[in-house]
């Protein structure tokens, strides 16, 4: 969808696993557009069989023309994606409310991300549930919520379960208020991970307004003392978010 204001509601989008011949396989995509999805289900945006090809996103929003773009998702349920559940990039304003993303669970096939904001996109992730993004291979990491070079992001009253790591924050201003992180993969050891700071920029931290509740999360002695909930710096692990 390009240069439009689109509103979609009460809809099911099923990719039927037909991504093999379509590198840009996405369930719903916004390009240089504003819009909203309400009460929408997006399923099976994958190859057949499920593969490590880096495509297959449930809801994707991107802009490469300057302007103000707002893409709002309310009660959007994404399951059966190959790479990303919900991905916003390019300076968008995102408001994700009561959304659910469900990954494939533990897998060595690909490193999935449940919700990803990057490339200047910012906004609010509120009342969302993210689960099942756990990579068992080496060199990369799946992530429940991935924030890389994003704008300002607020994570409110959300639950992140069975991911590794739970939340990965790098070069992003972010706050977490009422966040619960459950059952992080012990191999990664990170409930919340804070990566490197932008070159020449101010220090940016995932701040802790209301301490996240962690369960099943392993810790290390190199935890950043300012992050009481297990948020680590870039020297703590060699895993990279995929």
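When segment 94-106 is filtered for residues that are in contact (Cβ under 8 Å) with a residue 40 or more places away in the chain and at negative phi, the ones remaining, listed by number, are 101, 103, 104, 106. Within segment 48-75, restricting attention to residues that are touching a strand residue (DSSP E or B) at 6+ places or on another chain (Cβ under 6 Å) and part of a loop (DSSP other than H, G, I, E, B), which residue is surrounded by the most Cβ atoms within 10 Å (Cβ to Cβ)? Among residues in segment 48-75 that are touching a strand residue (DSSP E or B) at 6+ places or on another chain (Cβ under 6 Å) and part of a loop (DSSP other than H, G, I, E, B), the one surrounded by the most Cβ atoms within 10 Å (Cβ to Cβ) is 56.
Residues in segment 121-156 that are under 25 Å from residue 63 (Cα atoms), assigned to a strand (DSSP E or B) and in contact (Cβ under 8 Å) with a residue 60 or more places away in the chain: 143, 146, 148. Just one of the listed residues (45, 6) is modelled with pLDDT of 95 or more and either surrounded by fewer than 24 Cβ atoms within 10 Å (Cβ to Cβ) or within 20 Å of the chain's Cα centre (by Cα) (or both), and it is 45. For segment 111-121, a residue qualifies if it is surrounded by fewer than 24 Cβ atoms within 10 Å (Cβ to Cβ) and either over 12 Å from the mean Cα position of the chain (by Cα) or at pLDDT 95 or above (or both), and the qualifying residues are 119, 120. Evaluation of residue 40 against the conditions (1) under 20 Å from the mean Cα position of the chain (by Cα); (2) surrounded by fewer than 23 Cβ atoms within 10 Å (Cβ to Cβ); (3) not in a loop (DSSP other than H, G, I, E, B) shows that the sole unmet condition is (2). Residues in segment 76-85: is at least one surrounded by fewer than 24 Cβ atoms within 10 Å (Cβ to Cβ), touching a residue at least 24 places away in the same chain (Cβ under 8 Å) and assigned to a loop (DSSP other than H, G, I, E, B)? Scanning segment 76-85, I find no residue that is surrounded by fewer than 24 Cβ atoms within 10 Å (Cβ to Cβ), touching a residue at least 24 places away in the same chain (Cβ under 8 Å) and assigned to a loop (DSSP other than H, G, I, E, B), so the answer is no. The condition of being modelled with pLDDT of 85 or more, more than 13 Å from the chain's Cα centre (by Cα) and within 18 Å of residue 94 (Cα to Cα) does not hold for residue 173.
The values are calculated or read from the model by the stated rules, or taken from the named source; none is laboratory data. These numbers were taken from a predicted model, which means no experiment stands behind them. Every residue, glycine among them, receives a Cβ derived from its backbone with ideal geometry; neighbour counts consider all protein chains shown.
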